[in-house]
Structure formats: structure tokens, C-alpha cells
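Only one structure is covered here, and it is reproduced in the block below.
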Amino acid sequence: MSSPLNGVRVLELTSVLGGPLAGRILADLGADVIKIESPGLGDASRRLGPYFINGESAYFLAFNRNKRSVELNLRKEIGRTAFYALVKNADVVLDNFRPGVLNRLHIDHETLLHHNRNIISGSLSGFGHTGPYRERAAFDGVVQAMGGAMSVTGHPGTDPVYMGFPMGDVGGGWGLALGILSALYERTQTGEGKRVDVSMLDMQVSFQAHLGQFYLSSGNVPSPIGSGHPSNIPAKAFLASDGKWIQVHCSTEPFWFKLAELISVSVPGFENLAEDLRFKDSDGRINYRAELETLLGAAIATKTAQAWVDLFVEWDVPGAPINSIGDAFEDPQVLARNMLVEIDHPTVGRFKSSGNPIKVGQSESFSAPPLLGEHTEEILRSIAGYDESGIDAVLKSNLPS
């Protein structure tokens, strides 16, 4: 079965995480993603540690599979001319430059339209290409801080906590990929290209989800709640008898009563939990939250984490072990969904990586992240239409002056 984006060609001018992730998403769905890299340096993540395998950065390996690499010096006219030739035969151009860079390099959307009237340009930046902050520098932690994420992460009374997953960058990458897909669909209706402008801060604000709406509706500012939830109770991490943690999340009445009945029949001394009138409805569980969590903590502490997981499955109660990242990659469900894949690389050899989470019935295959400039000659010849002398001229322009 063919992949959804077969026939779509993307020129990727991105580095490090958010932009390359957007390119990887499109590549995993079948797009021909050509990574345009600066000569001799390439994506900055090629040099990011702390982990390298035979000289290849694990960081770069994570976000650049299923792509091809071309070295072009866009600061020189000969490099831009080659880039424009590729634009003529492309559908999408991605970048994660700070606003202003595209104009300085003469690769802004209006310029690209002169070479391809149907081109879609997608930019990811910290604050977008409009607004008073557009020129400011931003990284993952900056937008997590500004978007409110750090204010609700962690436990009450502690310092603000940075999320372990880089959701500022990851959210930006997914937002850019979604924006590109919407523009590609619109083009099938209108025949026209589009400018897609995605802000990492905008994405963080959208990730506030119900918490943002709670504030807008009540005026009450949400605060950190640790492993809990502001309105779904019980929802919390509890320590089992073997020192391992499990997360319980019973967000509806039926699930709460299943959990209460399970504990009533399984843990001596808690036989009356299911009949306790304090907890009979969501208002009661909110009002007596501390008492309920104390009782549940004492009950959970009587059995091992695996024993509770087995009981949760048997009773259809939403609960799970709190896995380490290593544990997650060994989970049977993760493995069954092909979310741990192996990729052959010319210098690294075979390495493991996370899979493609978007399942649309396509066959899945993963090519190695490209070596810097690995496909320069091939792509200049087959897509830009360059002959040998033209290719040699570009290669010479890539050499240090």
C-alpha cells in the first residue's frame, strides 16, 4: 500500500528539533523530504551530544530519518540559483529561522512564488512572524515558561518545573506538520500555494486545553497539582508495596465505583470504601480529596505494582505503571504498534529508534538519516536538471572561501 504523501516533495531548511520533527513526520508519511544544509556544517544537531554512535549524533538520528541531504550555500548566488531550481519542482519549503532571515537570504515566500506559483512555505519560530516578540530568541524552555506550562507542572510549593519531554519544540513540530497538511489539502481545492506561520508559543497556549478554559471561565489561576488532576478524582500516582509507582485515573463515576469495589474486595480493612458516602459523587470526592487520596495510598501500598496492574486489567480500571523511558520501549503494546524500529545506517550500523505514531494502513519503512550532503549530486542532477559542469560549480561554491 502506498504512503499518504507519495508524490509530495519537501525542501527542509530546518535544524535541531521542531523543524526537523515536522520534516520527519511528513517523510514518515511518504513525502520526499530533501534536507538543505549549509556546507561543511549542516544541521546543528549533527554536533549535539551527549551521545554519539560512531561519530553520528543520537540527537540528529532521532529526527532525520527518511530524508535526503543536499549541501547548498544559500549566501552565494550560485547556491540560491540551485535552490530555486529545486523549488520549481517542489511542493513545500520548511524553515525554522528567526523572522527576517528568509528575506536576507532571498528565499522568502514572495520570492519563491516567482519560481513556483503553487509553493507552500511553512515557518516555525518561537513567536511567529507577527507580533511584538517576533524577533526574540526562543528555545523550548522559554516557550514552556511563557505559555504557562511550567506554572502547572510539579508539586505545590516547589520551584517551577520544566517538563521532561520537550513539548515546546515537539508541539511546534507537530503544529507545523499539521499546517502543511492543511495547506496541501487546500491546494487541491484552489490550486494555490499558502504561507504557513506556526509559533511555538501559540502551540503552548493551545496546549493549556481545559486548564486555559477553566481560567477564562472562572478567573482562578491553575496551580501545580503534581500527578493529579483538577477535577478528575481520583487521579494520582501511588506507591506500591515494592517501591514502584502506579498512576490511577478514574475520571468518570463508573470507573470510580469499579476502583472502590475492587479495593473493597481485595484489601482487608477497606471493605466499606465503595459505600463511603463522602465519595459517592464527584463533588464529594473533590471536597474530601485529601482523605480519599490518603485512603487510596494506604490501600495501594498493600500490593506490588504488577499485582495492581493485573487487577486493574481484570476489573477494567484505568491505571498503569509509571514507566521509565526504557520500560516504555519494552511495553508489549508499544512493540505491537511498531513504535520501536530498527534502521540500517552506513556508519552507525543498525540502530533503534521510535516508530511512526500515525497509522493509516501504509506499509512502514525507514531509511537512515542522511550523511551531510550525501545526495547533493543525485538531486541536482535528477531534480534541478543540472549537468556535470553545473554540479561541479555548485560543489566548488560549497568549499570554504
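The values are calculated or read from the model by the stated rules, or taken from the named source; none is laboratory data. As the structure is a prediction and not an experimental result, all values here were calculated from the model. A quick note on method: Cβ atoms are made from the backbone with ideal geometry, for glycine too, and the neighbour counts reach across all protein chains shown. Side chains are part of the model used for accessible areas, which takes the heavy atoms of the whole protein and leaves out ligands, DNA and RNA. Shrake-Rupley method; radii C 1.70, N 1.55, O 1.52, S 1.80 Å.
A few remarks follow.
- In this calculation the C-beta distance from K396 to A298 is compared with R0 = 45 Å, giving a FRET efficiency of 0.05.
- Total charge dipole magnitude, the chain, about the Cα centre, Cβ charges on Lys, Arg, Asp, Glu only, Debye to nearest 20: 980
- For K303, the residues whose modelled amide H falls within less than 5 Å of its own, excluding neighbours fewer than 5 places apart on the same chain, are S241.
- Of interest is the spacing of the C-alpha centroids, which for segment 155-234 and segment 382-397 amounts to 43 Å.
- Distant-in-sequence amide contacts of V93, defined by a placed amide H-H separation under 5 Å and a gap of 5 or more residues or a different chain, comprise L11, I120, S121, G122.
- Dipole of the chain computed with +1 at Lys/Arg Cβ and -1 at Asp/Glu Cβ about the Cα centre; of P224, P369, I286, farthest Cα towards the positive end is P369.
- For G30, distant residues with modelled amide H under 5 Å away: L5
- Of L86, V161, G100, farthest towards positive along the dipole that unit charges on Lys, Arg, Asp, Glu beta carbons give segment 38-195: L86
- Phi-derived couplings, Karplus 6.51 cos²θ - 1.76 cosθ + 1.60 at θ = phi - 60°, listed residue by residue for segment 117-125: 5, 9, 5, 9, 10, x, 10, 10, 8 Hz, with x used for Gly and Pro.
- Placing +1 on each Lys and Arg Cβ and -1 on each Asp and Glu Cβ, with no other charges, gives segment 99-164 a dipole about its Cα centre of roughly 160 debye.
- For the chain: relative contact order, % (alpha-carbon pairs under 8 angstrom, 6 or more apart): 19
- From phi via Karplus (6.51, -1.76, 1.60), per-residue ³J(HN,Hα) for segment 346-359 in Hz, x at Gly/Pro: x, 10, 6, x, 7, 10, 9, 8, 6, x, 8, x, 9, 9
- Distance cut-off 17 Å, percentage of C-alpha pairs in segment 118-204 lying past it: 53
- Backbone N under 15 Å from the V341 label point (7 Å along Cα→Cβ), restricted to segment 30-68: 30-33, 61-68
- Pairwise centroid distance, computed over Cα atoms, of segment 1-33 with segment 96-152, Å: 18
- Comparing L259, L295, L29 in a Gaussian network model of the chain where C-alpha atoms under 10 Å apart are linked, the largest mean-square fluctuation is found at L295.
- Net charge dipole size for segment 49-194 [Lys, Arg +1 and Asp, Glu -1 on Cβ; Debye, nearest 20]: 400
- Identified option (computed Cα Rg over 2.2 N^0.38 Å; candidates [x] 1.05; [y] 1.19; [z] 1.14): [y]
- To the nearest 10, the accessible area of L239 is 70 Å² with a 1.4 Å probe.
- Here the 3J(HN,Hα) profile of segment 323-329, calculated from phi with Karplus coefficients 6.51, -1.76 and 1.60 at θ = phi - 60°, is 7, 6, 4, x, 4, 4, 6 Hz, Gly and Pro shown as x.
- Pairs beyond 31 Å (Cα-Cα), from K67/K88; K35/K352; K280/K303; K76/K359; K67/K194; K258/K352: K76/K359; K258/K352
- Mean residue ellipticity (222 nm) of the chain, computed from DSSP H runs ≥ 4 via -39,500 (n - 2.57), nearest 500: -11000 deg cm²/dmol
- Accessible area of the chain divided out per residue, in Å², using a probe of 1.4 angstrom: 49
- Here segment 282-401 exposes an accessible surface that is 54 percent carbon and sulfur, computed with a 1.4 Å probe and the other protein chains kept in place.
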